[in-house]
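Visitor: First the structure, which I've put down as structure tokens, then a few questions once you've had a look.
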Amino acid sequence: MKDHIREKRYHIEIIPPKHNTDDIEADLELFREKYLRVIESGYCVCLTDNAMGRMAFQGHETIAELGLPVPPEQVMIHLNTFHSKKHLDEVLDSLRDMGVKYLLVVSGDGGPRMMRLEPKDIGAEGAATVTSVELLRYIRDKYPAFVTGVAFNPYEPADFEFKKLERKIAAGASFIVTQPLLGKNETVDELLRRYPDIPVIVEGWMTKKAWLLSDVVGYEIPTDADYDPIATLRELVRLYPNCGFYLSLLGFKTQYGLIGDIWS
């Protein structure tokens, strides 16, 4: 992952088609176009796992269905705890076999139609519930070829979040992706001081709808707030020159052509 930062390789989030789509063929074609554009740009595709608790096709399913390439340094798959044990192993087996290297392991949002791993499923009987920590340990022990990373939320109480991060690192995490930043963040600054040798990827929020982050940041962002994602990304690159950058909700028509000159 350090090479991604050194080579200025953006991490570009793409959401696989949802189960309840009205036009799966059109959604698959759009996914193909985005995926290949990211790969051809030399960036890293990041595929979500039922983002926001909304049922969607798995990243490996969509890749396989479309026959897409999987360059090991250019694909990262999110994986959360809302799977049955059988399905978890099927996902991990498929990702390993198709050559995926990087996993972003998160607890996940869940939903009423989703199963969740039980501690006994993955040898974590001492845990009350399965979090990203228990899932990391399972992957480390059963699928050691994967390089795993974790999320870091700088808007949670810092002591709590750093203790949680320590457990994640002990369980095998080797890189960190922050929640979206809107500017300089003291907790992220402290993160970089505490862990100078661990690659940190800063998330940029690329939609103008900043108010969608209200629940994340812990304060109300007005729906009419003036937010410029491109200007914010440019400022984040200036503030955090030794970090990588993960772009969520990137506009492929309006923004994609602008990002290359910002981090170069």
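Only the coordinates and a few stated rules stand behind these numbers; no lab work does. It should be emphasised that the depicted structure is a prediction, and the values quoted were computed from it without experimental measurement. Here the Cβ positions follow ideal geometry from the backbone for every residue, glycine too, while neighbour counts run over all protein chains shown.
Visitor: For the stretch 128-169, which positions are within 21 Å of LEU47 (Cβ to Cβ) and of a type in the set (Phe, Trp, Tyr)?
Guide: TYR138, TYR143, PHE146, PHE152, listed by residue number.
Visitor: If I ask for residues that are of a type in the set (A, V, I, L, M) and not in a strand (DSSP E or B), which ones from the stretch 1-15 would you list?
Guide: First, the residues of the stretch 1-15 that are of a type in the set (A, V, I, L, M): 1, 5, 12, 14-15.
Hits for the stretch 1-15 are MET1, ILE5, ILE15.
Visitor: Output the number of residues of the stretch 9-44 satisfying the condition of being among the β-branched types (Val, Ile, Thr) and in contact (Cβ under 8 Å) with a residue 40 or more places away in the chain.
Guide: Going residue by residue through the stretch 9-44, those that are among the β-branched types (Val, Ile, Thr) are 12, 14-15, 21, 24, 38-39.
Remaining after also requiring in contact (Cβ under 8 Å) with a residue 40 or more places away in the chain: 12, 15.
The number of residues fulfilling the criteria is 2.
Visitor: For the stretch 139-151, how many residues meet the condition of being in contact (Cβ under 8 Å) with a residue 24 or more places away in the chain and not in a strand (DSSP E or B)?
Guide: Residues of the stretch 139-151 that are in contact (Cβ under 8 Å) with a residue 24 or more places away in the chain, as a first pass: 139-140, 142-143, 145-151.
Next, from what is left, pick out any that are not in a strand (DSSP E or B): 139-140, 142-143, 145-146.
Looking only at that region, the number is 6.
Visitor: Within the stretch 78-107, track down each residue that is of a type in the set (Gly, Ala, Ser) and either out of contact with any helix residue (DSSP H, G or I) (no Cβ under 8 Å at 6 or more places or on another chain) or over 20 Å from SER248 (Cα atoms) (or both). Before the answer, list the steps.
Guide: Going through the stretch 78-107, the residues of a type in the set (Gly, Ala, Ser) turn out to be 84, 94, 99, 107.
Matches in the stretch 78-107: SER84, SER94, GLY99.
Visitor: Can you pull out every residue in the stretch 150-192 that is of a type in the set (Gly, Ala, Ser) and closer than 17 Å to ASP215 by Cβ?
Guide: We begin by selecting, within the stretch 150-192, every residue of a type in the set (Gly, Ala, Ser); these are 151, 158, 170-174, 183.
ALA151 - this is the single residue of the stretch 150-192 that is of a type in the set (Gly, Ala, Ser) and closer than 17 Å to ASP215 by Cβ.
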